[in-house]
Structure formats: C-alpha cells, structure tokens
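The values are calculated or read from the model by the stated rules, or taken from the named source; none is laboratory data. All of these numbers come straight from a predicted model, not from anything done at the bench. We place every Cβ from the backbone using ideal geometry, glycine too, and count neighbours over all the protein chains shown. Just so you know, the surface numbers come from the protein's heavy atoms only, side chains and all, with ligands and any DNA or RNA stripped out. Shrake-Rupley method; radii C 1.70, N 1.55, O 1.52, S 1.80 Å.
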Amino acid sequence: MEVCDGVWNDRDVGNPVVHFELIGPDPARLRQFYSRLFGWDAPAGAPVAEQVSQPTEYSFIAPADNAPPAAGGIGGGAGFESHAIFYVGVETVSEVLSTAEELGATVVLPPQRNEAGNVIVAHFRDPAGNLVGIAGPS
C-alpha cells in the first residue's frame, strides 16, 4: 500500500517504514506531549540499546490495529533545508496544530493544501526540537 496524491493504492513499494523514534533530553515530557496530542500510550521501560536511550526511559508506541505501512516520499531542491520527517494522520490539521502549540510545540510550516491530493499538511517542532508533520483531509 502507498499513498499517492493522498489516496491509498495497492502497490508494492519495497521496504516500508517500520519504526520511528523521538529522542530528546526529557523523555517524560515527550511522552506526555504525544499522549495529550495524539493519544499515544507509551509507558517507559521498553528494552533498548543503551546507545539509543537510557533503558529506563525508552518506550514503544504500538501501531493501531490493521494500520497500513507508512508511505514515503523523496523531494526538495534548491532552497530547501535537508531534514527527515514523519507525518501523523489527523482529522483536522489546524486543530491539532493549535493543540500542539498549546502543549509547547513551535509551528514550522502552517497548514498547506495540496490541491491535487486533496490533503492538508503542517509541520511543527516538538518540545525537544524534533520536526513532526501532520496530514489530514482538506
């Protein structure tokens, strides 16, 4: 499965994104931020290599039942800053972005509409400075 122009299509796209991490100096604050913003349940104490995180501070976020693999994109060009980002699907981008700000996030890219894909995206930096995207229907 892949997202093409905002629509799920059946097509083998190779190796899917299988994991992401949000690492920062205050993991408890990050867990609270994402729990309040997206409802993610991520209790500390999951097994992890000590080079990745303090073992007592690491947590796993389980995917939703029957969640499809994440699709990816590659792009940019002259004038674009290099970065890696993941997007979380939401119902209303502007509402979630507002909540993220209330919880301590900084807006990097306000809501932008992809006319061809009928989707709205926005970017923010979480309290640890990680770049995060949200996407939803327009």
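The distance linking the range 97-134 with the range 68-86 is 14 Å (Cα centroid to Cα centroid, whole angstrom). For Leu30, the solvent-accessible surface with a 1.4 Å probe is about 10 Å², rounded to the nearest 10. Computed from the Cβ-Cβ distance with R0 of 35 Å, the FRET efficiency linking Gln54 to Ala78 stands at 0.30. The peptide list 39-45, 96-102, 76-82, put in order of mean Cβ contacts within 10 Å with the highest first, becomes 96-102, 39-45, 76-82.
Among the listed options (i) 0.94; (ii) 0.99; (iii) 0.96, the one matching Rg/Rh (Cα atoms, Kirkwood Rh) as calculated from these coordinates is (iii).
For the range 12-138, averaging the sequence separation of C-alpha pairs within contact (under 8 Å, six or more residues apart) and dividing by the residue count gives a relative contact order of 23 percent. If the segment from Glu21 to Glu91 were pulled out straight at 0.36 nm per residue, it would be longer than the present Cα-Cα gap by 22.9 nm. Split the accessible area of the chain by element, probe 1.4 Å, and carbon with sulfur accounts for 50%.
Computed per residue of the chain from DSSP H runs no shorter than four, each worth -39500 (n - 2.57), the mean residue ellipticity at 222 nm is -5000 deg cm²/dmol. For the range 81-129, the gyration tensor built on C-alpha atoms gives an oblate shape. Its axis ratio a/c (a ≥ b ≥ c) is at least 1.5, and a/b is not larger than b/c. Normalised per residue, the accessible area of the range 42-121 is 71 Å², obtained with a 1.4 Å probe and no contribution from ligands, DNA or RNA.
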